[in-house]
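Remarks on the structure that follows.
The values are calculated or read from the model by the stated rules, or taken from the named source; none is laboratory data. Owing to the predicted nature of the structure, the values given are computational and were not obtained by experimental measurement. When we count neighbours, we look across all protein chains shown, and the Cβ atoms used for this are built from the backbone with ideal geometry, even at glycine.
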Amino acid sequence: MKKIIAIVCALACALCFFSCKEKKDDVKETVKDIKENEKVVGKGYYEGDKLIREEFVDDADEVVKKVFYSDDEKVEKEEEFFSGSLKSDTAYTYGEDGKYTTKKNNYNKAGEVKSVVDSEFKDGKLTKETKSTLDKDGKATVTEEYHYKYNEDGTVTKSQKEDGKTVKDTVSDAEGKDLYTVDYLENGTKQKKYLNDKGKVDKIENISKDDAVMRTVENLFDEYGQPTGYREYDENGYLDYYGEYKYVDKKLTSIIVYDADGEVVRTVSYDENGKAEISEN
């Protein structure tokens with residue numbers, strides 16, 4: 001009788017094992033290629049129809065990024081790699097009304113967290129970004145703080161703040177290209193710098209506390225983007241001075257400054273080490 005009971009138990013266990021195995025196989029992880037322009041750039045991992053993880057690779061087939069998804073298929077965590085080592089990881093936390101936050105840890109070569117970036121989003125748009133550095137004891141110190149404003153004309157204003165005060169604004173277009181910057185100086189005045197298509201400053205306006213333009217400088221460039229000189233205008237828009245840059249073998253050797261009448265008023269000469277010598281006329 002005992003033998004019969006033992007045999008029955010063994011059969012029951014075997015049936016249970018195969019039943020559990022079959023259930024496990026039902027949710028077995030499947031893998032699908034991720035393609036861009038017919039090129040495989042990574043793998044997507046699924047449990048049934050649910051995406052749980054993505055892994056992206058470089059041309060050498062080394063993993064450069066992993067993306068982990070929650071049960072409702074929202075991004076839960078991202079990891080970035082460089083030469084096989086973890087470069088950064090980002091955790092996502094979701095709230096109401098389309099708001100969510102991210103916390104990104106950046107690692108050094110020793111695998112230690114060297115800096116942290118906390119970001120806040122609404123409707124998929126970045127609204128605030130805080131960067132902190134960590135000392136050897138792991139104590140974090142805020143080094144940069146930015147606030148983002150999305151304007152009706154499609155431009156975006158990125159405001160850098162220190163101790164609660166705005167010290168610099170950077171205005172870009174909807175595609176992220178910087179158009180101009182505004183530096184807020186301690187004496188209450190401002191300096192506005194306009195950027196050209198190559199990202200170089202082609203005009204500077206010095207602005208008073210009353211928002212009046214006090215002086216304007218226009219930088220001049222050749223077709224290759226090398227500075228060739230500048231023009232300086234007074235508060236009424238009249239030419240005050242202009243300068244010409246002289247080069248030898250693409251190295252700046254002197255700046256000749258003229259007044260509005262074309263008379264040389266100053267020459268700045270540079271030696272081989274870049275040291276300047278100024279002579280007034």
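Are any residues in the range 105-140 farther than 22 Å from residue 169 by Cβ, among the basic types (Lys, Arg) and in contact (Cβ under 8 Å) with a residue 12 or more places away in the chain, and if so, which ones?
Scanning the range 105-140 gives 109, 114.
Please enumerate the residues belonging to the range 117-154 that are touching a Leu at 6+ places or on another chain (Cβ under 7 Å) and not small (Gly, Ala, Ser).
Within the range 117-154, just 148 meets the criteria.
Please specify each residue of the range 34-78 satisfying the condition of being touching a residue at least 12 places away in the same chain (Cβ under 8 Å), part of a loop (DSSP other than H, G, I, E, B) and under 24 Å from residue 102 (Cα atoms).
Once the filter is applied, which keeps residues that are touching a residue at least 12 places away in the same chain (Cβ under 8 Å), part of a loop (DSSP other than H, G, I, E, B) and under 24 Å from residue 102 (Cα atoms), the range 34-78 yields 71, 73, 74.
Do you know which residues across the range 252-281 are surrounded by fewer than 10 Cβ atoms within 10 Å (Cβ to Cβ) and within 40 Å of the chain's Cα centre (by Cα)?
Passing the criteria: 271, 272, 273, 274, 275.
Collect the residues in the range 99-156 that are part of a strand (DSSP E or B), within 22 Å of residue 82 (Cβ to Cβ) and among the basic types (Lys, Arg), keeping them in residue-number order.
Result: 103, 104, 114, 131.
Just checking: which of the strands (runs of 3 or more DSSP E) contained wholly in the range 164-242 hold 2 or more residues that are among the β-branched types (Val, Ile, Thr), modelled with pLDDT of 95 or more and more than 21 Å from residue 144 (Cα to Cα)?
201-207, 213-221
Taking the residues in the range 91-140 that are more than 21 Å from the chain's Cα centre (by Cα) and acidic (Asp, Glu) as candidates, determine which candidate is nearest to residue 70 (Cα to Cα).
Taking the candidates together, the pick is 96.
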